[in-house]
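First up is the structure itself, then whatever we jot down about it.
The values are calculated or read from the model by the stated rules, or taken from the named source; none is laboratory data. Bear in mind that the values here come from a model prediction, so they are computed numbers and not experimental data. When we count neighbours, we look across all protein chains shown, and the Cβ atoms used for this are built from the backbone with ideal geometry, even at glycine. Please note that ligands, DNA and RNA were not included when accessible areas were found on the heavy atoms of the full protein model with its side chains. Shrake-Rupley method; radii C 1.70, N 1.55, O 1.52, S 1.80 Å.
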Amino acid sequence: MKRLSLAVGLALLVGSGPALASTHSDFTKSFPLQTLKTFAFKDQRRISRDPLADNAIWANNVRDAIRRDLTEHGMVEDTSGNPDFYVAFYVGLRDRYDMSYVDYGLPFHRGFRSAWWGWPRRYDVWAVPYTESTVIVDVIDAHTSQLVWRGHDEDTLNVDHPDKTLSKAVDNVVARFEHDTKRTEHAG
C-alpha cells in the first residue's frame, strides 16, 4: 500500500502544475536601446477584464516595482514632460486546468456471478486548476510613439501571494530589458 501511495503521489506531483516560469523579450534591432536614460509612465486606459482595472493596489505595486528597478539600473524618472521613453504595463490572468491521467489504479471487485479481482481497464483523469499569469512591460520611444521593446514574464505571479510574486515578475522583465540594452550597446 505504501508503494501505491508513493506512485500515485509522484504521478500527481509530476503531472499537476503549470509550466515553469519564464521571461522573454523582443525589440527593434535597429533602435539604440542604450540611449534611453529618462522614462515616464504612459497613461493607460484599462479594459474591464484587465486585472489592474479594478485593482489599484496591484497597479501601484507594478508601477513602483518598475520605477525601483529602472532607477537601480541608472535610469531617471522624468518630471519635465520630455522623457526618452514611456513605460506601459499589463497583467493577464487566465484560469487553466492541467489535465493528467493515470492509467493504473486500485484493484477492484467486478461482478457477482463471474467475480474476479483485477486492475481497471480504463484510466483516471485528473484536472488540477491553476491560474496562468503574464506580466508585460512595454518600452515606447517618446519621440516616435513606436513600441521599441516588449518583455513578458509568464507564471511567476501567484495570485494567492501577489505581495511576493508580483514584484519578482517585474524584476525578471526589467532585468531582461537591462540585458537587451547592454546587448545593443555592444552590437552598435
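Given the criteria open to solvent by less than 70 Å² (accessible area, probe 1.4 Å) and either at pLDDT below 90 or within 29 Å of Thr165 (Cα to Cα) (or both), does Ala40 qualify? It would help to see each step written out before you state the result.
Working: open to solvent by less than 70 Å² (accessible area, probe 1.4 Å): yes; either at pLDDT below 90 or within 29 Å of Thr165 (Cα to Cα) (or both): yes.
Yes, satisfied.
Could you grab the pairs with beta carbons closer than 8 Å, sequence gap of 6+ or different chains, first residue in the stretch 63-82 and without any contact (Cβ under 8 Å) to a residue 40 or more places away in the chain, second one open to solvent by 30 Å² or more (accessible area, probe 1.4 Å) and assigned to a helix (DSSP H, G or I)?
Here the result reads Glu77/Arg67; Glu77/Thr71, each pair linking the stretch 63-82 to a residue that is open to solvent by 30 Å² or more (accessible area, probe 1.4 Å) and assigned to a helix (DSSP H, G or I).
For the stretch 156-187, how many residues are open to solvent by less than 40 Å² (accessible area, probe 1.4 Å) and modelled with pLDDT under 85?
Selection size over the stretch 156-187: 7.
I'd like the residue in the stretch 21-32 that is under 20 Å from Val135 (Cβ atoms) and not β-branched (Val, Ile, Thr) and, out of all such residues, is modelled with the highest pLDDT.
Taking the stretch 21-32 and keeping what is under 20 Å from Val135 (Cβ atoms), we get 21-27.
Pick out the ones that are also not β-branched (Val, Ile, Thr) and you get 21-22, 24-27.
Working: Ala21: 69, Ser22: 84, His24: 86, Ser25: 90, Asp26: 90, Phe27: 93.
The selected residue is Phe27.
Open to solvent by 70 Å² or more (accessible area, probe 1.4 Å) and either at pLDDT 85 or above or among the aliphatic types (A, V, I, L, M) (or both): is that true of Ile66 in this structure? First the steps, then the outcome.
Values: open to solvent by 70 Å² or more (accessible area, probe 1.4 Å): no; either at pLDDT 85 or above or among the aliphatic types (A, V, I, L, M) (or both): yes.
No; evaluated as a whole, the condition is false for this residue.
Got a sec? Which of Ser80, Ser114 is out of contact with any helix residue (DSSP H, G or I) (no Cβ under 6 Å at 6 or more places or on another chain), part of a loop (DSSP other than H, G, I, E, B) and at pLDDT 70 or above? Show your work before the answer.
Numbers: Ser114 fails: at pLDDT 70 or above.
Answer to the check: Ser80.
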